[in-house]
Amino acid sequence: MPHKGTAGFDLAVFDLDGTITRHDTLMPFVLHCLWRKPWRLPRLLLLPPLAFGYLLHRDRGRFKGALIRATIGGLPRAWLEARAAGFVPWLLRRGLFAEALRAINDHRARGDRLLLMSASIDLYVPLIGGALGFGQTICSQVRWNPDGTLDGRLASANCYGEEKRRCLQAQIAREPPQRLYAYGNSGSDLPHMRLASQAYLINGPTRMIGSNATIKALHWTQHGAAQG
């Protein structure tokens, strides 16, 4: 169905991990890659000291970049893109909330524009967005070395919390929607969800909503078909 028109479209914004997917996507992707290069598996032993570093600095973007760099850094771009092309269909078959797919399809059927926003990385998030029919994807971006191998550190700000709000505000400023819907699952999603005309907190404690009447709680179940 075509969009409602430049001056009168509605926009539905979905978070990815824990909102559309039933679990985190970064570590499953890393393990998907390491399974094919098992001699790199000992690199996982670096995760505890990296986690300790996160406790010291409280910088999620720094931790994420260090994790990616330690585990799959240095691998060729073409090889990683091939792994992403295999990872995404597996995730679509096994890892999505059926309720999320229904919500996405309902918005698409109404002619709403769809925006996927995620703190996860651009190695695979745009592929997920394309497969699910999102017209636009905003996510964290990884850095590449001049020789085409993965550096691993982030080339952008980590698309999380207030950064996600900033990205959505910039999107709204460029193309103001008539009505904005938002779906998220954690406290870190609340900053951008508060920009919405109507927002939905997925499987989160209702106390996080407080007195904000524009945010409603929804419970999506762990069982049921994802995408058949």
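The values are calculated or read from the model by the stated rules, or taken from the named source; none is laboratory data. Because the structure is predicted, anything quoted here is derived from the model rather than measured. Every residue, glycine among them, receives a Cβ derived from its backbone with ideal geometry; neighbour counts consider all protein chains shown.
Laid out as a table, the results:
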| read-out | value |
| --- | --- |
| Residues of the stretch 193-208 satisfying the condition of being surrounded by 14 or more Cβ atoms within 10 Å (Cβ to Cβ) and closer than 21 Å to R22 by Cα | M193, A199, Y200, L201, I202, N203, G204, M208 |
| Identity of the residue in the stretch 189-212, out of contact with any Leu (no Cβ under 7 Å at 6 or more places or on another chain) and in contact (Cβ under 8 Å) with a residue 40 or more places away in the chain, that ends up farthest from Q141 (Cα to Cα) | N203 |
| Test: R108 is in a helix (DSSP H, G or I), touching a helix residue (DSSP H, G or I) at 6+ places or on another chain (Cβ under 7 Å) and of a type in the set (D, E, K, R) | no |
| Enumeration of residues in the stretch 67-113 that are of a type in the set (V, I, T) and farther than 17 Å from D24 by Cβ | I104 |
| Condition met for G129 (touching a residue at least 60 places away in the same chain (Cβ under 8 Å) and small (G, A, S)) | no |
| Subset of the stretch 37-61 that is surrounded by 13 or more Cβ atoms within 10 Å (Cβ to Cβ) and among the basic types (K, R) - its residue that is modelled with the highest pLDDT | K37 |
| Residue ranges of helices (runs of 4 or more DSSP H) in the stretch 26-94 with at least 3 members over 25 Å from Y160 (Cα atoms) | 77-94 |
| Single condition A119 does not satisfy, out of (1) in contact with a Phe, Trp or Tyr (Cβ under 6 Å, 6 or more places away or on another chain); (2) surrounded by fewer than 20 Cβ atoms within 10 Å (Cβ to Cβ) | (2) |
| Residue among R174, R166 that is farther than 23 Å from H23 by Cα, without any contact (Cβ under 8 Å) to a residue 24 or more places away in the chain and within 17 Å of the chain's Cα centre (by Cα) | R166 |
| Test: residue in the stretch 75-89 that is among the aliphatic types (A, V, I, L, M), at negative phi, surrounded by 14 or more Cβ atoms within 10 Å (Cβ to Cβ) and over 21 Å from the mean Cα position of the chain (by Cα) | yes |
